[in-house]
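Participant: Have a look at the structure that comes next, please.
The values are calculated or read from the model by the stated rules, or taken from the named source; none is laboratory data. The model shown is predicted, which means the values in this text are computed figures rather than measured ones. We place every Cβ from the backbone using ideal geometry, glycine too, and count neighbours over all the protein chains shown.
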């Protein structure tokens, strides 16, 4: 159900949609370091294909992948998305994928797209989005506790709960975003 046309979601690809580290901190490096066929067969992060379709519906299709990578990984990412039938499985429009070469440049995409909610695994990305994106979710296992100005979510289920609660709160009264 589309709840609000003003809300827009940005989602990182690496270590969020694909390749999130295990609770032990061990990361799946096949996508980055393996061959193309290995990368295409590598699985999504647990829960991504369960939760993303619901978030795409909640945001009325206004969901973008915003990823930092070089040209080789950009091509590999687009191939993986096609191989996984990502767009059909999630309902996300195929044109809603953005790439940049520096993490801080995700802020440029967020500003252009009017992103209100961002799920990313890197604290430096969230730091660059402070004051721009009101609702920020630090995804996955981290080596340090999350600062108060970003909301930690370990899994896709937690991300869905947090995003849904923040939208419900925004619709029922004055927004209390984490923009400090």
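Participant: Name every residue in the stretch 39-59 that is within 13 Å of residue 13 (Cα to Cα) and within 13 Å of the chain's Cα centre (by Cα), in order of residue number.
Facilitator: Result: 44, 45, 48, 49, 52.
Participant: Shifting gears a bit: Which residue out of 173, 91, 114, 95 is within 21 Å of residue 59 (Cα to Cα) and in contact with a helix residue (DSSP H, G or I) (Cβ under 6 Å, 6 or more places away or on another chain)? Can you show your working first?
Facilitator: Values: 173 fails: in contact with a helix residue (DSSP H, G or I) (Cβ under 6 Å, 6 or more places away or on another chain); 114 fails: in contact with a helix residue (DSSP H, G or I) (Cβ under 6 Å, 6 or more places away or on another chain); 95 fails: in contact with a helix residue (DSSP H, G or I) (Cβ under 6 Å, 6 or more places away or on another chain).
None of the other options fit; the residue is 91.
Participant: Could you check, for the stretch 34-41, whether at least one of its residues is surrounded by fewer than 16 Cβ atoms within 10 Å (Cβ to Cβ) and within 16 Å of residue 160 (Cα to Cα)?
Facilitator: no
Participant: If you don't mind, there's one more thing I want to ask. Could you list, in sequence order, all residues of the stretch 107-132 that are over 25 Å from residue 46 (Cβ atoms) and in a loop (DSSP other than H, G, I, E, B)?
Facilitator: 114, 116, 130, 131, 132
Participant: From (1) assigned to a helix (DSSP H, G or I); (2) under 15 Å from the mean Cα position of the chain (by Cα); (3) without any contact (Cβ under 8 Å) to a residue 60 or more places away in the chain, pick out the condition that doesn't hold for residue 76.
Facilitator: Here residue 76 clears every test but (2).
Quick grid of which residues meet (1) at pLDDT below 95; (2) more than 15 Å from residue 64 (Cα to Cα); (3) out of contact with any strand residue (DSSP E or B) (no Cβ under 6 Å at 6 or more places or on another chain):
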residue: 128; (1), (2), (3): no, yes, yes
residue: 133; (1), (2), (3): no, no, no
residue: 144; (1), (2), (3): yes, yes, yes
residue: 151; (1), (2), (3): no, yes, no
residue: 157; (1), (2), (3): no, yes, yes
residue: 160; (1), (2), (3): no, yes, yes
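Participant: Separate question: Return yes when residue 40 is closer than 22 Å to residue 121 by Cβ, modelled with pLDDT of 95 or more, outside any strand (DSSP E or B) and in contact with a helix residue (DSSP H, G or I) (Cβ under 9 Å, 6 or more places away or on another chain) and no when it is not.
Facilitator: Working: closer than 22 Å to residue 121 by Cβ: yes; modelled with pLDDT of 95 or more: no; outside any strand (DSSP E or B): yes; in contact with a helix residue (DSSP H, G or I) (Cβ under 9 Å, 6 or more places away or on another chain): yes.
For residue 40, the condition - closer than 22 Å to residue 121 by Cβ, modelled with pLDDT of 95 or more, outside any strand (DSSP E or B) and in contact with a helix residue (DSSP H, G or I) (Cβ under 9 Å, 6 or more places away or on another chain) - is not met.
Participant: While we're on this one: Which members of the stretch 150-168 meet the condition of being in contact with a helix residue (DSSP H, G or I) (Cβ under 8 Å, 6 or more places away or on another chain) and farther than 21 Å from residue 90 by Cα? Walk me through it before giving the result.
Facilitator: Initially, the stretch 150-168 is screened for residues in contact with a helix residue (DSSP H, G or I) (Cβ under 8 Å, 6 or more places away or on another chain), giving 150-151, 153, 156-157, 159-160, 163-164, 167.
Listed by number, the residues that qualify are 150, 151.
Participant: Here's another thing I want to ask about it. If you check 146, 169, 104, 152, which single one turns out to be part of a strand (DSSP E or B) and farther than 21 Å from residue 43 by Cα? Don't jump to the end; show me each part of the working.
Facilitator: Details: 146 fails: part of a strand (DSSP E or B); 169 fails: part of a strand (DSSP E or B); 104 fails: part of a strand (DSSP E or B).
So the residue among 146, 169, 104, 152 that is part of a strand (DSSP E or B) and farther than 21 Å from residue 43 by Cα is 152.
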